[in-house]
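Structure record follows, encoded as structure tokens.
What follows draws every value from the coordinates through simple rules; no lab data is involved. Model, not experiment: these values are computed from the prediction. Here the Cβ is made from the backbone with ideal geometry for all residues, glycine too, and neighbour counts use every protein chain on show.
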Amino acid sequence: MVDGNTMPKKKGERGALSISGCASGKELAKRIVEALNKIIPDEDESPVPVHLSDTEEITFANSEIKTLINENIRGDDHYIVQCMDDPQTDRSVNDNLMALFTAINAAYQSDADSITAVIPQYPYSRQERKKTREGITAKQVAQFIEASGANRVITLDVHAEAIMGFFSKAKLEDLHASHTIIDHFTKNYHTENMIITSADVGGAEKARYYSKIMRTDLAIVDKARDYSHAGVIESMRLVGNVEGKDVLIPDDMISTGGTIINAANLLKEKGAKHIYVASSLPFFNGNAEEKLSKAYEDKLLDKVISTDAVIHGPEFVQRNPWYDEIFIAPLFARVIHHINAKRSVSALLR
């Protein structure tokens, strides 16, 4: 008999599917494994249950990190899940990025057949171009991931599409949370009086997509930013009519919440009734939680609908009635299953 990690491959198949999670990616990895074990029995004739590989992340006294893999993954199609922003711990993005590199290289040294980094939050994604004497750090991250041994990267709503071109060997699969969020919203909220609005011109394409799928009108908030000071906005104006409308603002990420709150203030001034925000990556950095809570109390915002690509934990969800969390793990599970089975994933990437 052979176990799930040593089953021989059939012609055209990838290696046996195995999944591990770095310390900050462990919770999401468990959710992906759970989703996979619901998908696989429905689609495979001879399903082999997937389990979370036994790995260990060690942090030394001087803050160096090492990853150990405590089981055989030789020949596997191996997926490593890591969340760069982990609000439930004191680990920094840089700590988690370094942990990812060590986990990838541990899988490479363990002779995995294929190695995929599953990183819903692509780090340094806002440093994808050069404005002055500065580095293009998003490209460095791509190079480090490739140098560590990864063949593929799966991420979610990457902030700048130019990042796809930073990989010379590994493939980047950029998933989108739009369908997951739209399905949830249409099932749980009223959409009869809805208009889609982007929080800024940069989000116009995403807002246009939501507007097309949901068959609603579109408005755009145009903001002028003072780039001499981080996070400072000089002026905002609205293109479109939101008077008497319920507004949905889709965005790829919420960092400090400043842009969303400023847009909501403008929309309320222009007569919007209810304002909802949809975000793939709810980072909520700094005092964003406090600012969004106040906006909710002041009836500026009704709900912030986001995925668990950033996991804030059950206590956060319970204490913030304005927050509506959607599970994104099933989307990652479907993509992983399709890649492992050598099926098309193009429909899942839209």
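Averaged over all directions, how much area does the convex hull of the C-alpha atoms of the stretch 98-147 cover when projected, in nm²?
Working: hull surface 15.6 nm².
Averaged projected hull area, Cα only: 3.9 nm².
Let me understand the chain better: what is its radius of gyration from the alpha carbons, and its Dmax, in angstrom?
Spelled out, the Cα radius of gyration and Dmax of the chain are 21.1, 69 Å.
Report, in debye and to the nearest 20, how large the dipole of the stretch 257-310 comes out about its Cα centre when Lys and Arg carry +1 and Asp and Glu carry -1 on their Cβ. If you can, show how the numbers build up before the last one.
Numbers: 7 positive and 7 negative charges, 51 e Å.
Roughly 240 debye for the stretch 257-310.
With everything on Cα atoms, drop me the angle between helix 329-340 and the longest principal axis of the chain, reported from 0 to 90° to the nearest 10.
For 329-340 against the chain, the angle is about 40 degrees.
Would you please name the GluC sites (Glu not before Pro) within the stretch 118-188 that are DSSP coil residues with at most 13 other C-beta atoms within 10 Å of their C-beta?
On the way: sites: Glu128, Glu134, Glu146, Glu161, Glu173; in loops: Glu128, Glu134.
Passing both the DSSP loop test and the Cβ count: Glu134.
How big is the charge dipole of the chain about its Cα centre, in debye rounded to the nearest 20, if each Lys and Arg gets +1 on its Cβ and each Asp and Glu gets -1 on its Cβ? Could you put the intermediate results ahead of the total?
On the way: 41 positive and 50 negative charges, 210 e Å.
So the magnitude is around 1020 debye.
State the answer as a single residue: which of Ala29, His176, Ile19 lies farthest towards the positive end of the charge dipole of the chain, with beta carbon charges of +1 for Lys and Arg and -1 for Asp and Glu, about the Cα centre.
Sorting the options by dipole projection puts first His176.
What does the extension gain come out to for Glu192 and Arg133, with contour length at 0.36 nm per residue minus their alpha carbon separation? Could you put the intermediate results ahead of the total?
Values: separation 59, 0.36 × 59 = 21.24 nm, distance 4.95 nm.
Gain on extension, Glu192 to Arg133, equals 16.3 nm.
Just check the stretch 199-316 against the gyration tensor rule for me: Cα atoms, a ≥ b ≥ c as the square roots of the eigenvalues, rounded for a/c under 1.5, and otherwise prolate or oblate depending on whether a/b exceeds b/c.
On the way: a/c = 1.40, a/b = 1.19, b/c = 1.18.
Cα axes put the stretch 199-316 in the rounded bin.
Which one, Phe167, Tyr79, Ile145, is farthest towards the positive end of the dipole of the stretch 70-170 when Lys and Arg carry +1 and Asp and Glu -1 on their Cβ?
My answer, from the dipole projection, is Phe167.
Quick one: Karplus J couplings for the stretch 179-196, per residue in order, coefficients 6.51, -1.76, 1.60, θ = phi - 60°, nearest Hz, x for Gly and Pro?
Karplus-based 3J(HN,Hα) across the stretch 179-196 equals 5, 4, 5, 4, 4, 5, 5, 5, 7, 10, 9, 6, 10, 5, 10, 9, 10, 8 Hz.
Run through the stretch 235-310 and list the trypsin sites (Lys or Arg not before Pro) located in a DSSP loop whose Cβ has at most 15 other Cβ atoms within 10 Å. Let's see the in-between values first.
Details: sites: Arg237, Lys245, Lys268, Lys270, Lys273, Lys291, Lys294, Lys299, Lys303; in loops: Lys245, Lys270, Lys273, Lys299.
Sites meeting the loop and neighbour criteria: Lys273, Lys299.
Using 23 Å as the Cα-Cα cut-off, could you pick out the over-long pairs in Lys131/Lys171; Lys187/Lys212; Lys212/Lys342?
On the way: Lys131/Lys171 27 Å; Lys187/Lys212 17 Å; Lys212/Lys342 31 Å.
Among Lys131/Lys171; Lys187/Lys212; Lys212/Lys342, the Cα-Cα distance tops 23 Å for Lys131/Lys171; Lys212/Lys342.
So for the pair Glu64, Asn285, with labels modelled 7 Å out along Cα→Cβ, what separation do we get in nm?
So the two model labels end up 3.0 nm from each other.
Pick out which of Asn151, Asn105, Asn193 has the largest mean-square fluctuation in a Gaussian network model of the chain, springs linking Cα atoms closer than 10 Å.
Highest fluctuation of the listed residues: Asn193.
Taking the inverse of the average 1/r across all pairs of different Cα atoms in the stretch 24-108, what Kirkwood radius in Å do you get?
On the way: mean 1/r = 0.0699 Å⁻¹.
Every distinct Cα pair counted, the radius reaches 14.3 Å.
At 222 nm, what helix-only mean residue ellipticity would the chain give, in deg cm²/dmol to the nearest 500, using -39500 (n - 2.57) for each DSSP H run of four or more? Walk me through the numbers on the way to the answer.
On the way: 10 runs with 113 residues, N = 350.
That calculation yields -10000 deg cm²/dmol at 222 nm.
Tell me, Asp252, Asp174 in order of fewest to most beta-carbon neighbours within 10 Å? Can you show the working numbers first?
Numbers: Asp252 19, Asp174 15.
Ranked by crowding around the Cβ, least crowded first: Asp174, Asp252.
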